[in-house]
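The values are calculated or read from the model by the stated rules, or taken from the named source; none is laboratory data. Worth saying up front: this structure is predicted, and the values here are computed from it rather than measured. Virtual Cβ from ideal backbone geometry, glycine too; neighbours counted across all protein chains shown. The protein model used for the area step is the full one, side chains on, heavy atoms only, and it has no ligands, DNA or RNA in it. Shrake-Rupley method; radii C 1.70, N 1.55, O 1.52, S 1.80 Å.
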Amino acid sequence: MSWHILGAGSLGCLWAARLAAQQHCVHLILRNAKALARYQQTPGVGLSDAQRQHTTYYPIRAQLAPDPQPIQHLLLACKAYDAQAAIAQVAHRLTRDSQVILLQNGLGSQQVIQQLLPNTRCLAASSTEGAYLAEPFHSVFAGQGQVWLGDLDSSAQPPPEALLEQCTAASIPCVWTSDILTQLWRKLAINCAINPLTVIYNCQNGELSRYSTQINALCDELQLLLCRSGQPEAAQGLQHLVWSVIEKTAANSSSMRQDVLHQRRTEISYITGFACTQSLQLRGDTPILHALQTQLQEVLQAQGLPTI
Ligand SMILES: NC(=O)c1ccc[n+]([C@@H]2O[C@H](COP(=O)([O-])OP(=O)(O)OC[C@H]3O[C@@H](n4cnc5c(N)ncnc54)[C@H](OP(=O)(O)O)[C@@H]3O)[C@@H](O)[C@H]2O)c1
C-alpha cells in the first residue's frame, strides 16, 4: 500500500516512520523547496523512544504537492488551521479510491475538508498518542495512546479493513468506530474545559483542581451544548471525565499551553472558538464559555500570538 504524509511534524513523522518500518511505500509531502532541501540533508525521518535512548532513521522519500503521482492513502498531519490550504494543494492527486485520514485536533477543519472532497472517503482520527520534534523530521514518541478512526460522512460503509490491518501491523493502535463524531465532540469538550484554563493560569493540568467551581460550571454549560448539538452520548459524565483526565495528566502541560510556551500559534479556533460559534448558532446559554474565550484571546494577544 502506498502512503503520502502531508505535514512532516511530530505526528506525521511518527506515522511515517512506523509505516516505513513495515516496508510500506511512504512519501512525505513537504511545504516547499527549502523544506525539501533541508530534509535531503538529514539521514531521513528519525524516530526515538520516550527516553531518547534509541533512534532509528528511515530514508523515506519526499516530494512537493505538485508532484504528479496519484495518492492512494493520505495522512493529513498538519495543524487544524493549515488543513484547508494543505489539502487544496493535493486535491487534484486524489482519486475515487483514495482514503484520507485527518489527524487534526478539535472540530471544524474536518467538516471543511469533507465539503471540499465530497467524493473522497475522509476518515477522522482522534489520537491520544503523544509526540514532539527533537529537531526537524525527528519525532520523539513521548506517550503511548490510541487512535480512534471513523468515517466523517455518516453514510454507512464497511470499515476500511486493509487500512486498519496495515496500521495495526505497523503498531499504530487504531480502533475503528462507527461514530467518530462522538469521540471528537467528547475530546473537544474535555479540551475546552482544560486547555484554556492552563493557559490563563499558566499552570500544569493538576493545578486546575484549585479552580474546581469554575471548571464544574463550565462542564455544565458544555454538557448542555453537546446535547443541543445532537451529541448526548458525548455529554454523558463529562464532568467526571474531565476530572479524571486532570488527575491522570496532573504533571502534564496541555497542548495549548505548550504551544503558548513555545510561542506557537494555538488551535483555539478549532477548540473553544468552535464551541462558541456552535453555541451562538444554537442560541445556547454559555456565558462562562464565552468569557473564557475572551480571556484566552486576551492572554494570547498579550503574548503576541494570533487570537484565532
Ligand atoms: N503532537 C502530538 O502529540 C499530538 C497529539 C494529538 C493530536 N495532535 C494533533 O495533530 C495535528 C498535528 O500535530 P503535530 O504536533 O504533528 O503538528 P506539527 O508538529 O506542528 O506538524 C505539522 C506539520 O505540518 C506542516 N505543514 C503545514 N501546512 C503544510 C503544507 N501546506 N504543506 C506541507 N506541510 C505543511 C508543518 O510545516 P511547517 O513547520 O512548515 O509549518 C509541520 O511540519 C494537530 O492538529 C495536533 O493538535 C498532535
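Among the residues of region 168-206, just one is part of a helix (DSSP H, G or I) and free of Cβ contacts under 8 Å to residues at least 40 places away in the same chain, namely Thr168. Exactly one residue among Ser2, Ser48, Ser10 is surrounded by 18 or more Cβ atoms within 10 Å (Cβ to Cβ), small (Gly, Ala, Ser) and more than 8 Å from the ligand (Cβ to nearest atom), and that residue is Ser48. Go through the residues of region 51-67 one by one and say whether even a single one is part of a helix (DSSP H, G or I) and within 11 Å of the ligand (Cβ to nearest atom). No, every residue in region 51-67 fails to be part of a helix (DSSP H, G or I) and within 11 Å of the ligand (Cβ to nearest atom). For Arg38, the requirement of being under 21 Å from Glu165 (Cα atoms), modelled with pLDDT of 95 or more, of a type in the set (Lys, Arg) and part of a helix (DSSP H, G or I) is not met. Residues that are open to solvent by 30 Å² or more (accessible area, probe 1.4 Å) and free of Cβ contacts under 8 Å to residues at least 60 places away in the same chain within region 288-307 comprise His290, Ala291, Thr294, Gln297, Glu298, Gln301, Ala302, Gln303, Gly304, Pro306, Thr307, listed in sequence order.
Filtering region 213-238 down to residues that are without any contact (Cβ under 8 Å) to a residue 24 or more places away in the chain and over 18 Å from Asp179 (Cβ atoms), which residue is most open to solvent (accessible area, probe 1.4 Å)? If we take residues in region 213-238 being without any contact (Cβ under 8 Å) to a residue 24 or more places away in the chain and over 18 Å from Asp179 (Cβ atoms), then Thr213 is most open to solvent (accessible area, probe 1.4 Å). Can you spot a residue in region 173-191 that is open to solvent by less than 10 Å² (accessible area, probe 1.4 Å), within 28 Å of Ile60 (Cα to Cα) and within 19 Å of the chain's Cα centre (by Cα)? No, because not a single residue in region 173-191 is open to solvent by less than 10 Å² (accessible area, probe 1.4 Å), within 28 Å of Ile60 (Cα to Cα) and within 19 Å of the chain's Cα centre (by Cα).
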